[in-house]
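Just below is one structure, and these are the notes that go with it.
The values are calculated or read from the model by the stated rules, or taken from the named source; none is laboratory data. Values in this document were obtained by computation on a predicted structure and should not be read as measured data. Positions of Cβ are generated from backbone atoms using ideal geometry, with glycine treated the same way; all protein chains shown enter the neighbour counts. Accessible surface is based on the protein model in full, side chains and every heavy atom, while ligands, DNA and RNA are left aside. Shrake-Rupley method; radii C 1.70, N 1.55, O 1.52, S 1.80 Å.
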Amino acid sequence: MIDGGTERELSATIAQLVQRLKGSHLHSQLERRAKDCLHQPEIKLESLKEDVRHFLRVSGWEKKLHNAVYREMHVLLPTPPEHRKEPLLYMRSAQASWERRVLKSLSSMSSELGVPLARKVPSGQSASSRPLIGPNEYLSQFRPVYAPKDFLEVLIGLRNPNHDHSEQVSTRSHWGLIQLPLSVRDVVQMREMYSELGLTSGQLGIDDEANLHPGRRRFSLGIMVLDQDSAAAQQYSRQGCPMGLRADLWALILNATNQAQDMMHYEQLKAGVIQHDMLVDNLIYKDVKLTASNDDYYFVFEDFLYQVLMCFSRDTAILEHFMYNSASPPRSFIQGGGRGVIPFHGFSMYVAPLCFLYNSPSELYSVFREMYVRYFFRLHSVSSSPSGIVSLCLQFERLLQAHLPQLFYHLRQIGAQPLRIAFRWMVRAFSGYLSTDQLLLLWDRLLAYDSLEILAVLAAAVFAFRSDNLMEVTSLASAEAVLADLSTLKVMPLIQIFLFASAA
Amino acid sequence: MSESSDLTDHVTCTIKASVNLQIGDTKTEISQSGVSVVDINLPFGKTVNIEDVTFKNYFCIVCIQIEDITFKNYFCIVCIQIEDITFKNYFCIVCIQIEDITFKNYYCIVCIQIEDVTFKNYFCIVCIQIEDITFKNYYCIVCIQIEDITFKNYYCAFVSVRVLKRTPGQEAQWSTALRDLPLMENPHTEAGSQDYYSIHRDQMLLVPDNVVSVRLVLRQPSSAWLTFNLEDIKIHPHTQPAPVKEVSDWLSDLTLVDQHLNMEGLPDPQAVSSSIQQMWALTEVMQTNQTTASIGRFDVDGCYDINLLCLT
């Protein structure tokens, strides 16, 4: 995001934005509309420019442009290319070596099982003769490429070579597993940033059951917001979205359209699924079977999940996000026809909650893709971004150490480092751990504040909530048992209490 | 300390016990304070011209009060003149009062002029590095106009820029172009630590013309980092912007020809085109607002009969 900056920086950013939007579909649509409107009698030759502009504004095209610019600003970073991915050298190298490991594991699985990374389905075989869902014995040979806990070990091992570790224990010593000097927000700064979640403002998720009047007013306000642009929708969602409007509000915030060209793109991807076989497809099947199908809330969406994820693995538009993602798509994978995102155990849970909101697969797909390239990719790549998983882990540990030092110390002594339990929650953005309505309320705030930091806050708040029980446990297994079931938790009160009502 | 030894040639003098700089309120160990002062009193009534001072070192950096020295080596603390400073923290600042010194190396504590300062925090300025960039042509010293200075940061928190300007007819003078530009938001954390920066001439306090030398003073107050410096330092000279020519010559000729058309007797083309456009707009309006009401007299059953027309 742009912040302040001199005029020169501003004009450089504007030039970059214009460059990015020039090749887009919106640009050609705007040109065409402008040309068409010349037939209107109101457009005068002397004041051509102003009249055309006025026309575009009045007919709603300016709003579309607003939304497109807003979206670009969210993903735009005005820095040189290598640097744009990740400014810190040691993080880049850590990410690169992690990717090599994953790819090696994938290739060895491919050669072991004799399944190529990608191949074109021979033309003799028709689509129907090839079983879309393989038999169980076939699937059981596939194992997930990695699980979140493997990734956690990588993060724990990260060290800055220029950091001075030689000091003795001091006020700055950190009891947690992540030993990196990243800048994370503390509670005071979080309170400022999340001021709309304060104790004095009504929230959906807390004040729903209150008398009808505020609820109805919120709903009608929401309907008005839907006519506005992405920024208004984002601001509105900070206090939660009403259930009936959530799907449209999220689509507006993400600027995920479902027009003819999006549906066509989706159909093309589906055709690609039928034409090409990929190793990743089997991993996706396996993952869906292991996670979503076993979940009481999401098993009904099995088919949707297969469709969306297989199309996702073939979508070239995803490649664009690698410009600001510290990860890089592995070259051999691309040549083999893959698109660069290797799913891990639990990946399908990113999509599952969205199935409650969107009926049509193409709309579901475009919302999921947009959410992935803005937020979810940060949860499984090594980067120093404040929304990246490394910063989230550090923030969680710092918040816990600052506000529940006794608990932290106790857990550390019994060998149950809190991050080992909280990591799997944060990597999946709590999907599959919370009940769905609570999860959607949480993701409302994620979209509204454009930051994943709320996941760290919630993780710390859960520990705070169960701290009495946790103080009595004596082993990692029993600590995990205390925190095994989060499905009864109400998210917003926990966050509110942790941020605004605990002594700080 | 004992009395002086028995070599001839030397002057008998009393060497007092070393006094450590006081850190905090309690007496400190010699190793913690980092600086101690040894007073050597010459015998009463005698003035001595000192040839040399000999001693056996035991892990201390020699403190001598010297002026006007050129440094060439890697680590040396040269001149210390300390008066009335109480340190309260762990790492002390070496206070140096130096004038007229040219440095040529990379790591050295150079110019700090501190008077009567009490430090109260835990980590004080540990090191400051200065880099000199001299523009030196083989045959003559070149003066340049600076457009901007670009570099890649490596864990440096603040940078100040000093320039040596040589105006013709006057002596070269050092002046500050930029003071304490923050490169890292928080010197203890990673943000901004490896970023690329550019200092443009508009950001400088003075106009960087006729510059012979540039000095960058780097500060990193946090002791969290092992080392800090700037990499890839590049200075881009200022060039006069090319005269603005929006359209190439032959194109501009065309437009000129356009305007020189002989307009006598003919109406202004702009007025003509706008009235044509208005008429066309009118026809468009008429088209869209077509009524079903018949126009009038000349149509019979909805169509014109040629014969009828002739008659009228």
Average the reciprocal distances over every distinct pair of alpha-carbons in the stretch A:367-504, invert the result, and give the Kirkwood radius in Å. 15.2 Å
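With viscosity set to 0.890 mPa s at 25 °C, what whole-number translational diffusion coefficient in µm²/s follows for the stretch B:192-243 from Stokes-Einstein and a Kirkwood radius over Cα pairs? Before the final figure, lay out the partial values.
Details: Rh = 14.2 Å.
Calculated translational D: 173 µm²/s.
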Rounded to the nearest 20 debye, what is the charge dipole size of the stretch A:233-312 about its Cα centre when +1 sits on each Lys and Arg Cβ and -1 on each Asp and Glu Cβ? 280 debye
Per the stretch A:214-324, sqrt(5λ) over the Cα gyration tensor eigenvalues, sorted largest first, in Å, gives 32, 19, 12
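Over chain A, what is the relative contact order in whole percent, taking alpha-carbon pairs under 8 Å and six or more residues apart?
Working: 566 pairs, mean separation 102.7, N = 504.
The normalised contact order for chain A reaches 20 percent.
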Under a 1.4 Å probe, counting only protein heavy atoms, A:His345 has an accessible area in Å², nearest 10, of 50 Å²
Extension gain A:Val121-A:Arg57, at 0.36 nm per residue separation less the Cα-Cα distance, in nm? 18.1 nm
Label B:Thr167 and A:Met224 with points 7 Å out from Cα along Cα→Cβ: what is the distance between them in nm? 6.2 nm
Label model pair A:Gln16, B:Leu282: point-to-point distance (7 angstrom along the Cα→beta-carbon line) in nm is 5.4 nm
A:Phe463 accessible area, nearest 10 Å², 1.4 Å probe? 0 Å²
hull vol. (C-alpha, convex hull) per residue for chain A, Å³ -> 188 Å³
Summed residue charge, Cβ within 13 Å of B:Ser193's Cβ, Lys/Arg positive, Asp/Glu negative: -4
How high is the FRET efficiency between B:Leu226 and B:Asp202 when r is their beta carbon distance and R₀ equals 41 Å, given to the nearest 0.05? 0.75
Rg followed by Dmax, in Å, when the stretch B:144-216 is reduced to its Cα trace: 13.7, 48
Could you tally the net charge around A:Ser28, taking each other residue with its Cβ under 15 Å from the Cβ of A:Ser28, Lys/Arg +1 and Asp/Glu -1? +4
